[in-house]
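Here the structure comes first, spelled out in C-alpha coordinates, and everything after it is commentary.
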Amino acid sequence: MAKADTKAKAMYSTQVANDGDVLVEVDNLVKYFPISGGFLATLLHRGDIPAVRAVDGVSFNIKRGDVFGLAGESGSGKSTIGRLVLRLYEPTSGKVIFDGTDLSKLSAEEMRHLRSRMQIVFQDPLASLNPRMTLGQGVENPVEIHMPELNAEQRRQRVLDIFHAVGMNPPESFYDLYPHQISGGQRQRVVLARALVTHPDLVVADEPIAMADVSVRSILLDLMMKMKHEFDLTYLFITHDLATAKYICNRIAVLYLGKMAEMGDVDEVYAHPLHPYTQALMAAVPVPDPTKRRKTKMPEGEIPNPINPPSGCRFHPRCPFAIEICSQVEPELRELRPNNQVACHVAEKFM
Ligand code: SF4
(Lines give C-alpha, C1' and ligand atoms only; values in the text may rest on other atoms or scores of the structure.)
Protein backbone atom coordinates (compact mmCIF):
# COMPACT_ATOMS: atom_id res chain seq x y z
CA MET A 1 0.00 0.00 0.00
CA ALA A 2 1.17 3.52 -0.74
CA LYS A 3 1.94 6.00 1.98
CA ALA A 4 -0.44 8.94 2.37
CA ASP A 5 2.30 11.43 2.22
CA THR A 6 3.22 12.51 -1.24
CA LYS A 7 2.37 16.10 -0.34
CA ALA A 8 3.78 15.77 3.13
CA LYS A 9 7.09 14.53 1.80
CA ALA A 10 7.42 17.64 -0.36
CA MET A 11 10.28 19.93 0.65
CA TYR A 12 9.13 22.74 2.88
CA SER A 13 10.85 26.09 2.90
CA THR A 14 11.38 25.43 6.59
CA GLN A 15 13.68 22.47 6.09
CA VAL A 16 16.88 22.54 8.11
CA ALA A 17 20.09 20.57 7.75
CA ASN A 18 19.94 17.27 9.56
CA ASP A 19 21.70 13.96 9.86
CA GLY A 20 19.76 11.74 7.44
CA ASP A 21 19.55 9.02 10.10
CA VAL A 22 17.66 11.27 12.49
CA LEU A 23 13.87 11.38 12.13
CA VAL A 24 13.04 13.56 15.15
CA GLU A 25 15.19 16.21 16.81
CA VAL A 26 13.91 17.70 20.05
CA ASP A 27 15.88 20.80 20.90
CA ASN A 28 15.70 22.43 24.33
CA LEU A 29 11.95 21.94 24.54
CA VAL A 30 10.06 23.86 27.22
CA LYS A 31 6.36 23.69 28.00
CA TYR A 32 4.80 25.68 30.82
CA PHE A 33 1.05 25.58 31.42
CA PRO A 34 -0.01 28.86 33.03
CA ILE A 35 -2.54 28.44 35.81
CA SER A 36 -5.05 30.99 36.91
CA GLY A 37 -4.95 30.95 40.67
CA GLY A 38 -6.24 34.48 41.27
CA PHE A 39 -4.68 37.30 43.19
CA LEU A 40 -3.43 35.22 46.12
CA ALA A 41 -1.59 32.74 43.86
CA THR A 42 0.01 35.61 41.94
CA LEU A 43 1.06 37.22 45.23
CA LEU A 44 2.58 33.95 46.46
CA HIS A 45 4.57 33.66 43.25
CA ARG A 46 6.01 37.18 43.59
CA GLY A 47 4.07 38.69 40.72
CA ASP A 48 4.97 36.00 38.15
CA ILE A 49 2.10 34.19 36.54
CA PRO A 50 2.24 30.74 38.15
CA ALA A 51 2.71 27.88 35.71
CA VAL A 52 3.08 24.13 35.74
CA ARG A 53 6.61 23.58 34.42
CA ALA A 54 5.76 20.32 32.67
CA VAL A 55 8.82 20.18 30.39
CA ASP A 56 11.85 22.29 31.13
CA GLY A 57 14.65 22.19 28.57
CA VAL A 58 14.63 18.64 27.17
CA SER A 59 16.70 17.64 24.12
CA PHE A 60 17.08 14.30 22.33
CA ASN A 61 17.21 12.75 18.87
CA ILE A 62 15.28 9.76 17.58
CA LYS A 63 16.91 7.86 14.74
CA ARG A 64 14.90 6.19 12.02
CA GLY A 65 13.89 2.71 13.14
CA ASP A 66 14.46 3.47 16.82
CA VAL A 67 12.06 2.48 19.56
CA PHE A 68 12.87 5.41 21.80
CA GLY A 69 11.46 5.14 25.30
CA LEU A 70 10.44 8.04 27.52
CA ALA A 71 10.18 6.77 31.08
CA GLY A 72 9.38 8.31 34.44
CA GLU A 73 6.72 8.63 37.09
CA SER A 74 3.43 10.40 36.56
CA GLY A 75 4.18 14.13 36.34
CA SER A 76 7.61 13.68 34.77
CA GLY A 77 6.50 15.38 31.55
CA LYS A 78 6.71 12.36 29.25
CA SER A 79 3.17 12.56 27.83
CA THR A 80 3.51 16.31 27.33
CA ILE A 81 6.67 15.70 25.29
CA GLY A 82 4.78 13.16 23.17
CA ARG A 83 2.15 15.77 22.34
CA LEU A 84 4.76 18.47 21.70
CA VAL A 85 6.55 16.17 19.24
CA LEU A 86 3.28 15.89 17.29
CA ARG A 87 2.58 19.59 17.72
CA LEU A 88 -0.67 18.82 19.48
CA TYR A 89 0.70 21.34 22.00
CA GLU A 90 2.66 24.45 21.06
CA PRO A 91 5.96 24.66 22.97
CA THR A 92 6.69 27.60 25.26
CA SER A 93 10.16 27.58 23.69
CA GLY A 94 12.49 25.18 21.93
CA LYS A 95 11.70 23.26 18.78
CA VAL A 96 10.88 19.93 17.23
CA ILE A 97 12.40 19.06 13.85
CA PHE A 98 10.71 16.20 12.04
CA ASP A 99 12.60 14.74 9.09
CA GLY A 100 14.45 18.03 8.62
CA THR A 101 11.36 20.24 8.97
CA ASP A 102 10.99 22.66 11.87
CA LEU A 103 7.38 22.04 12.91
CA SER A 104 7.01 25.47 14.51
CA LYS A 105 7.41 27.08 11.07
CA LEU A 106 4.61 25.12 9.39
CA SER A 107 1.20 26.61 8.65
CA ALA A 108 -1.89 24.74 9.85
CA GLU A 109 -2.40 23.39 6.32
CA GLU A 110 1.22 22.17 6.02
CA MET A 111 0.94 20.60 9.46
CA ARG A 112 -2.27 18.84 8.42
CA HIS A 113 -0.45 17.20 5.49
CA LEU A 114 2.47 16.17 7.68
CA ARG A 115 0.15 14.58 10.27
CA SER A 116 -0.34 11.53 8.05
CA ARG A 117 3.31 10.73 8.77
CA MET A 118 3.06 11.06 12.55
CA GLN A 119 0.36 9.32 14.55
CA ILE A 120 -0.45 8.65 18.19
CA VAL A 121 -1.76 5.64 20.09
CA PHE A 122 -3.40 6.58 23.37
CA GLN A 123 -3.58 4.63 26.60
CA ASP A 124 -7.36 4.16 26.72
CA PRO A 125 -8.65 2.52 23.53
CA LEU A 126 -12.32 2.86 24.50
CA ALA A 127 -11.99 6.60 25.07
CA SER A 128 -10.10 7.09 21.81
CA LEU A 129 -12.71 5.31 19.64
CA ASN A 130 -15.96 7.01 18.70
CA PRO A 131 -18.75 4.82 20.16
CA ARG A 132 -21.15 5.93 17.39
CA MET A 133 -18.84 4.86 14.56
CA THR A 134 -18.30 1.28 13.43
CA LEU A 135 -14.71 0.06 13.65
CA GLY A 136 -14.47 0.33 9.86
CA GLN A 137 -15.73 3.92 9.80
CA GLY A 138 -13.39 4.92 12.63
CA VAL A 139 -10.29 3.51 10.94
CA GLU A 140 -11.35 4.86 7.54
CA ASN A 141 -11.63 8.38 8.92
CA PRO A 142 -7.88 9.28 8.68
CA VAL A 143 -7.80 7.76 5.16
CA GLU A 144 -10.57 10.13 4.09
CA ILE A 145 -8.68 13.08 5.55
CA HIS A 146 -5.19 12.27 4.31
CA MET A 147 -5.83 10.28 1.13
CA PRO A 148 -8.56 12.14 -0.75
CA GLU A 149 -7.43 10.54 -4.00
CA LEU A 150 -8.86 7.16 -2.92
CA ASN A 151 -12.45 6.25 -3.77
CA ALA A 152 -14.84 4.56 -1.32
CA GLU A 153 -13.96 1.04 -2.43
CA GLN A 154 -10.20 1.70 -2.18
CA ARG A 155 -10.63 3.22 1.29
CA ARG A 156 -12.60 0.21 2.48
CA GLN A 157 -9.95 -2.14 1.07
CA ARG A 158 -7.23 -0.19 2.85
CA VAL A 159 -9.08 -0.61 6.15
CA LEU A 160 -9.57 -4.34 5.56
CA ASP A 161 -5.86 -4.70 4.75
CA ILE A 162 -4.80 -2.98 7.96
CA PHE A 163 -7.30 -5.01 10.01
CA HIS A 164 -5.68 -8.13 8.56
CA ALA A 165 -2.17 -6.80 9.35
CA VAL A 166 -3.01 -6.23 13.03
CA GLY A 167 -4.54 -9.69 13.37
CA MET A 168 -8.25 -8.85 13.19
CA ASN A 169 -9.35 -11.73 11.05
CA PRO A 170 -11.42 -12.21 9.07
CA PRO A 171 -11.31 -8.42 8.57
CA GLU A 172 -14.82 -8.18 7.10
CA SER A 173 -16.32 -9.56 10.31
CA PHE A 174 -15.00 -6.57 12.28
CA TYR A 175 -15.83 -3.77 9.86
CA ASP A 176 -19.43 -3.18 10.96
CA LEU A 177 -18.97 -3.84 14.69
CA TYR A 178 -18.95 -1.05 17.29
CA PRO A 179 -16.18 -0.55 19.89
CA HIS A 180 -18.32 -1.92 22.76
CA GLN A 181 -18.85 -5.19 20.87
CA ILE A 182 -15.18 -6.29 20.98
CA SER A 183 -12.69 -7.07 23.76
CA GLY A 184 -10.20 -4.62 25.26
CA GLY A 185 -7.30 -6.31 23.47
CA GLN A 186 -9.14 -6.10 20.13
CA ARG A 187 -9.90 -2.44 20.76
CA GLN A 188 -6.19 -1.76 21.21
CA ARG A 189 -5.59 -3.51 17.86
CA VAL A 190 -8.19 -1.20 16.26
CA VAL A 191 -6.44 1.85 17.72
CA LEU A 192 -3.15 0.59 16.31
CA ALA A 193 -4.83 -0.05 12.95
CA ARG A 194 -6.15 3.50 12.88
CA ALA A 195 -2.68 4.87 13.63
CA LEU A 196 -1.07 2.76 10.91
CA VAL A 197 -3.66 2.99 8.15
CA THR A 198 -1.92 6.01 6.55
CA HIS A 199 1.47 4.27 6.89
CA PRO A 200 3.12 6.90 9.10
CA ASP A 201 6.86 7.15 9.75
CA LEU A 202 6.52 7.96 13.45
CA VAL A 203 4.09 6.57 16.02
CA VAL A 204 3.94 8.11 19.48
CA ALA A 205 2.66 5.33 21.73
CA ASP A 206 1.50 6.81 25.04
CA GLU A 207 1.31 3.98 27.60
CA PRO A 208 -0.30 1.81 24.88
CA ILE A 209 -0.65 -1.33 27.02
CA ALA A 210 -1.20 0.22 30.45
CA MET A 211 -4.95 -0.48 30.38
CA ALA A 212 -4.70 -3.86 28.65
CA ASP A 213 -5.26 -7.09 30.54
CA VAL A 214 -1.95 -8.50 31.81
CA SER A 215 -2.50 -11.65 29.72
CA VAL A 216 -2.47 -9.71 26.42
CA ARG A 217 0.23 -7.12 27.14
CA SER A 218 3.14 -9.08 25.68
CA ILE A 219 0.97 -10.06 22.69
CA LEU A 220 0.30 -6.36 21.99
CA LEU A 221 3.98 -5.45 22.38
CA ASP A 222 4.95 -8.25 19.98
CA LEU A 223 2.32 -6.98 17.55
CA MET A 224 3.76 -3.47 17.76
CA MET A 225 7.23 -4.84 16.97
CA LYS A 226 5.85 -6.89 14.07
CA MET A 227 4.17 -3.74 12.71
CA LYS A 228 7.39 -1.78 13.17
CA HIS A 229 9.24 -4.17 10.86
CA GLU A 230 6.36 -4.53 8.41
CA PHE A 231 5.70 -0.78 8.09
CA ASP A 232 9.23 0.52 8.67
CA LEU A 233 8.15 2.50 11.74
CA THR A 234 9.91 4.59 14.34
CA TYR A 235 8.30 4.65 17.80
CA LEU A 236 8.38 7.17 20.61
CA PHE A 237 7.25 4.84 23.38
CA ILE A 238 6.00 6.49 26.57
CA THR A 239 5.81 4.37 29.69
CA HIS A 240 6.06 4.49 33.48
CA ASP A 241 7.10 0.82 33.46
CA LEU A 242 10.80 0.13 32.92
CA ALA A 243 10.23 -3.59 32.38
CA THR A 244 8.05 -2.77 29.37
CA ALA A 245 10.60 -0.23 28.13
CA LYS A 246 13.36 -2.82 28.32
CA TYR A 247 11.25 -5.30 26.37
CA ILE A 248 10.56 -3.00 23.46
CA CYS A 249 12.97 -0.03 23.37
CA ASN A 250 16.53 0.24 22.07
CA ARG A 251 17.09 3.74 23.51
CA ILE A 252 15.66 5.26 26.64
CA ALA A 253 15.39 8.67 28.29
CA VAL A 254 14.49 8.81 31.97
CA LEU A 255 12.66 11.99 32.98
CA TYR A 256 12.14 13.50 36.38
CA LEU A 257 9.91 16.52 36.96
CA GLY A 258 10.26 17.86 33.41
CA LYS A 259 14.03 17.33 33.18
CA MET A 260 16.17 14.65 31.61
CA ALA A 261 17.87 12.53 34.29
CA GLU A 262 19.57 9.95 32.09
CA MET A 263 19.56 8.85 28.46
CA GLY A 264 21.28 6.01 26.68
CA ASP A 265 21.19 2.62 25.00
CA VAL A 266 18.64 0.61 26.88
CA ASP A 267 20.88 -2.38 27.68
CA GLU A 268 23.61 -0.15 29.11
CA VAL A 269 21.21 1.97 31.18
CA TYR A 270 19.56 -1.14 32.60
CA ALA A 271 22.81 -2.93 33.34
CA HIS A 272 24.57 0.08 34.90
CA PRO A 273 22.21 2.98 35.68
CA LEU A 274 24.22 6.08 36.55
CA HIS A 275 21.51 8.36 37.92
CA PRO A 276 20.10 7.69 41.40
CA TYR A 277 16.57 8.18 40.07
CA THR A 278 17.11 5.59 37.31
CA GLN A 279 18.54 3.27 39.97
CA ALA A 280 15.41 3.79 42.08
CA LEU A 281 13.08 3.11 39.15
CA MET A 282 15.09 0.00 38.35
CA ALA A 283 14.61 -1.18 41.92
CA ALA A 284 10.88 -1.34 41.28
CA VAL A 285 11.36 -3.69 38.28
CA PRO A 286 10.77 -7.31 39.35
CA VAL A 287 13.79 -9.60 38.90
CA PRO A 288 13.37 -13.34 38.23
CA ASP A 289 15.95 -14.36 40.87
CA PRO A 290 14.97 -13.02 44.34
CA THR A 291 18.55 -13.48 45.63
CA LYS A 292 19.62 -10.86 43.08
CA ARG A 293 17.11 -8.27 44.23
CA ARG A 294 18.50 -4.75 43.83
CA LYS A 295 19.57 -2.96 47.00
CA THR A 296 18.35 0.51 45.96
CA LYS A 297 14.85 1.38 47.13
CA MET A 298 12.32 3.66 45.48
CA PRO A 299 12.71 7.00 47.27
CA GLU A 300 10.13 8.01 49.84
CA GLY A 301 7.71 10.83 49.18
CA GLU A 302 5.77 12.26 46.32
CA ILE A 303 7.17 13.84 43.19
CA PRO A 304 7.42 17.59 44.10
CA ASN A 305 5.07 20.27 42.83
CA PRO A 306 5.95 21.18 39.22
CA ILE A 307 4.66 24.72 39.79
CA ASN A 308 7.49 25.35 42.20
CA PRO A 309 10.16 22.68 41.60
CA PRO A 310 13.13 22.25 43.96
CA SER A 311 16.24 24.34 43.31
CA GLY A 312 19.43 22.77 41.96
CA CYS A 313 18.86 19.13 41.11
CA ARG A 314 15.11 18.61 41.17
CA PHE A 315 15.61 15.14 42.63
CA HIS A 316 17.58 16.34 45.65
CA PRO A 317 14.75 16.24 48.27
CA ARG A 318 14.30 12.51 47.56
CA CYS A 319 17.85 11.52 46.68
CA PRO A 320 19.77 9.31 49.13
CA PHE A 321 23.10 10.50 47.65
CA ALA A 322 22.46 14.27 47.74
CA ILE A 323 25.36 16.49 48.81
CA GLU A 324 25.45 20.20 49.50
CA ILE A 325 25.87 21.34 45.89
CA CYS A 326 22.80 19.36 44.78
CA SER A 327 20.30 21.84 46.23
CA GLN A 328 22.20 24.81 44.77
CA VAL A 329 23.46 23.93 41.30
CA GLU A 330 21.49 22.21 38.60
CA PRO A 331 23.54 19.32 37.17
CA GLU A 332 24.16 19.37 33.43
CA LEU A 333 23.59 16.40 31.19
CA ARG A 334 27.06 14.88 30.66
CA GLU A 335 28.23 12.00 28.49
CA LEU A 336 30.08 9.72 30.89
CA ARG A 337 29.94 6.66 28.66
CA PRO A 338 29.51 6.41 24.89
CA ASN A 339 25.84 7.03 24.05
CA ASN A 340 24.97 7.45 27.74
CA GLN A 341 24.30 10.88 29.24
CA VAL A 342 23.44 11.62 32.85
CA ALA A 343 22.55 14.71 34.86
CA CYS A 344 24.01 14.08 38.31
CA HIS A 345 26.88 15.74 40.19
CA VAL A 346 28.17 12.45 41.58
CA ALA A 347 27.39 10.01 38.76
CA GLU A 348 31.08 9.03 38.46
CA LYS A 349 30.82 7.10 41.69
CA PHE A 350 28.31 4.72 40.11
CA MET A 351 30.58 3.84 37.17
FE1 SF4 B 1 21.17 13.02 43.77
FE2 SF4 B 1 22.72 15.15 43.69
FE3 SF4 B 1 22.84 13.40 41.73
FE4 SF4 B 1 20.70 14.98 42.01
S5 SF4 B 1 22.80 15.62 41.52
S6 SF4 B 1 20.69 12.82 41.60
S7 SF4 B 1 20.56 15.10 44.23
S8 SF4 B 1 23.39 13.05 43.88
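The values are calculated or read from the model by the stated rules, or taken from the named source; none is laboratory data. These figures come from a predicted structure and were not determined experimentally. When we count neighbours, we look across all protein chains shown, and the Cβ atoms used for this are built from the backbone with ideal geometry, even at glycine. When the accessible area is computed, the model is the full protein with side chains, heavy atoms only, and any ligands, DNA or RNA have been set aside. Shrake-Rupley method; radii C 1.70, N 1.55, O 1.52, S 1.80 Å.
Taking a ≥ b ≥ c as the square roots of the eigenvalues of the Cα gyration tensor, the stretch 57-154 is oblate, since a/c reaches 1.5 or more and a/b is not larger than b/c. Based on Cα contacts under 8 Å between residues 6+ apart, the chain shows a relative contact order of 20 percent. Every pair of different Cα atoms in the chain enters the Kirkwood calculation, which places the hydrodynamic radius at 21.7 Å. Across the options Tyr89, Ser311, Val26, the greatest Cα extent toward the positive end of the charge dipole of the chain (unit charges at beta carbon of Lys, Arg, Asp, Glu) belongs to Ser311.
The accessible-area ordering, largest first, of the residues Lys31, Lys105 stands as Lys105, Lys31, per a 1.4 angstrom probe. Per residue, the chain reaches -8500 deg cm²/dmol at 222 nm when only DSSP H runs of four or more residues are counted, each adding -39500 (n - 2.57).
Using a probe of 1.4 angstrom and keeping all protein chains present, the accessible surface of the chain works out to 48 square angstrom per residue. Based on Cα atoms of the stretch 167-293, Rg over Rh with Rh as the Kirkwood radius reads 1.03.
The orientation-averaged projection of the convex hull spanning the C-alpha atoms of the stretch 122-168 amounts to 3.7 square nanometres.
Rolling a 1.4 Å probe over the protein heavy atoms leaves Glu172 with an accessible area of roughly 100 Å². Overall dimensions of the stretch 98-240, expressed as equivalent-ellipsoid semi-axes from the Cα gyration tensor (√(5λ), whole Å, largest first), are 23, 20, 14.
In this view, the solvent-accessible surface of Ser215, computed with a 1.4 Å probe and all protein chains in place, comes to about 80 Å².
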